[in-house]
Amino acid sequence: MSRLKALPLFSLLLSLSAVTVLGQSNGEVRLAVNGLATGSYTSGRVQVYYKGQWSNICNTGFGSYEANVICHQLGYDSADNHSFAAVDSYGIDDHPTLLANVSCANNNLHIFQCSYEETFSCDDRNDVSVACSSTPVWTDPHQEHLRIIPSRYPSMGRLEIYLSGDWDTLCDNGFGEGEANTACRQLGYTYALKYNHISDMEGVHGRTTQYTCCSSSTDCIDSCYCNDDGAKRRKRIDIICSHDDDVTIECDFDEKEKEDAGTRDECDFTHLDKIIGTIIGPIFGAIAFIVIIFLLLLFLRHRMKNE
Ligand SMILES: *[C@@H]1O[C@H](CO)[C@@H](O)[C@H](O)[C@H]1NC(C)=O
Ligand SMILES: *[C@@H]1O[C@H](CO)[C@@H](O)[C@H](O)[C@H]1NC(C)=O
């Protein structure tokens, strides 16, 4: 092949590889059937983007907590089941199996919040697969719940927030690094690789809202406050914003900053209210009961004195 012909082919290959790298953040998860991952499978052999390549997970130490975290990261509520021999249902796969002894807590949101070990001796027949429930993770949202409507991978897409019964998009006006990092941390990642840079999202027609004043150390979007001369100002502004200016985001996971990643329910302050409610409620009940008994005794004593 002449050099003139080889050059365009070379640049085509370059641009193709650039496309496949887009959105493969560290610890990105996808499911594969017969070696093919489409992004739309709800069940399949688990693949994790690890050290620059897609890897399978060895079945040693794998269980339902780990399967749940994987499904949660993919945007589903939980795993219906998992198997220790993906090859039986999902065919062959030529990716290496580098991760073993993955161990998660039930409030983890991202596979790299879990502990794991690197292996070079796990046979492909021991790869795990999961089948996720078809219920999206945001079916029962709390106030200021965040979600990403994925474009290519779960970690990148349009950012949306649940406010008073509706999912709103966010306006990019005033949305910067602090807001993007806070959103990614709330979602279980450690930082935002990019924001407002994904142009292939289709428009939506809902409300938009604007957030500002999140610092790079804020963990929940609900905790963003502006500080004007020491006075705390509301962080959210209702404005009219074109959907062309909707925030899109790409989150990533830096294992050195693991502790920064949010966990399940960490930003659900209504959940905290509910917990406080279940503690305060019985205490008030008990106090009321004691007061009633006390008043009853006073009343009886009063009557006995008068007789
Ligand atoms: C996984 O854990 C088991 C049991 O603790 C251990 O024997 C094995 O060496 C570990 N595997 C890897 C790859 O670290
Ligand atoms: C696992 O769950 C899926 C639904 O998510 C179901 O279709 C499949 O039959 C289940 N497999 C087993 C072995 O229970």
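Collect the residues in segment 78-89 that are touching a Phe, Trp or Tyr at 6+ places or on another chain (Cβ under 9 Å) and either more than 16 Å from ligand 1 (Cβ to nearest atom) or free of Cβ contacts under 8 Å to residues at least 40 places away in the same chain (or both), keeping them in residue-number order.
As a first pass, look at segment 78-89 and keep what is touching a Phe, Trp or Tyr at 6+ places or on another chain (Cβ under 9 Å): 82-84.
Result: H82, S83.
Quick one: would you say S129 is polar (S, T, N, Q) and either surrounded by fewer than 23 Cβ atoms within 10 Å (Cβ to Cβ) or away from ligand 2 (no atom under 16 Å from the Cβ) (or both)?
On the way: polar (S, T, N, Q): yes; either surrounded by fewer than 23 Cβ atoms within 10 Å (Cβ to Cβ) or away from ligand 2 (no atom under 16 Å from the Cβ) (or both): no.
Answer is no for this residue.
Determine which single condition G61 fails, assuming it passes every other condition in (1) within 16 Å of ligand 1 (Cβ to nearest atom); (2) at pLDDT 95 or above.
(2)
State which residue pairs qualify: first residue on the phi > 0 side of the Ramachandran plot and inside segment 56-72, second residue within 11 Å of ligand 1 (Cβ to nearest atom) and among the basic types (K, R) in any location, beta carbons under 7 Å apart, and separation of 6 or more residues or different chains.
Cβ pairs passing all conditions: none.
When segment 54-66 is examined, which residues are found to be more than 16 Å from ligand 2 (Cβ to nearest atom) and closer than 21 Å to R125 by Cβ? Break it down stepwise before answering.
Here is the first cut: in segment 54-66, the ones more than 16 Å from ligand 2 (Cβ to nearest atom) are 54-58, 60-61, 65.
Matches in segment 54-66: W54, S55, N56, I57, C58, T60, G61.
Among the candidates S151, S129, S155, S133, which residue alone is touching a residue at least 60 places away in the same chain (Cβ under 8 Å) and within 13 Å of the chain's Cα centre (by Cα)? Show your work before the answer.
Numbers: S151 fails: within 13 Å of the chain's Cα centre (by Cα); S129 fails: within 13 Å of the chain's Cα centre (by Cα); S133 fails: within 13 Å of the chain's Cα centre (by Cα).
One residue alone meets the criteria, S155.
Residues being in a strand (DSSP E or B) and crowded, with 17+ Cβ neighbours inside 10 Å: count how many of those fall in segment 42-66. Spell out how you get there, then give the answer.
Let us first name the residues in segment 42-66 that are in a strand (DSSP E or B), namely 43-50, 53-58.
Now narrow it down to the ones that are crowded, with 17+ Cβ neighbours inside 10 Å: 43-50, 54-58.
Matching residues across segment 42-66 total 13.
Regarding segment 262-283, can at least one residue be identified that is aliphatic (A, V, I, L, M), at pLDDT 80 or above and not in a loop (DSSP other than H, G, I, E, B)? Talk me through it step by step, then tell me what you get.
Residues of segment 262-283 that are aliphatic (A, V, I, L, M), as a first pass: 272, 275-276, 279-280, 283.
This time we only want the ones that are at pLDDT 80 or above, so: none.
Scanning segment 262-283, I find no residue that is aliphatic (A, V, I, L, M), at pLDDT 80 or above and not in a loop (DSSP other than H, G, I, E, B), so the answer is no.
Would you check which residues across segment 158-175 are within 21 Å of D219 (Cβ to Cβ) and without any contact (Cβ under 8 Å) to a residue 12 or more places away in the chain and list them?
Within segment 158-175, no residue meets the criteria.
Counting only residues that are touching a His at 6+ places or on another chain (Cβ under 9 Å), among the aliphatic types (A, V, I, L, M) and part of a helix (DSSP H, G or I), which one in segment 67-103 is farthest from ligand 2 (Cβ to nearest atom)?
Step by step, filter segment 67-103, then rank; the result is V69.
The values are calculated or read from the model by the stated rules, or taken from the named source; none is laboratory data. Everything quoted here is computed from the prediction, not taken from an experiment. Cβ sites come from the backbone with ideal geometry, for glycine too, and all protein chains shown count toward neighbours.
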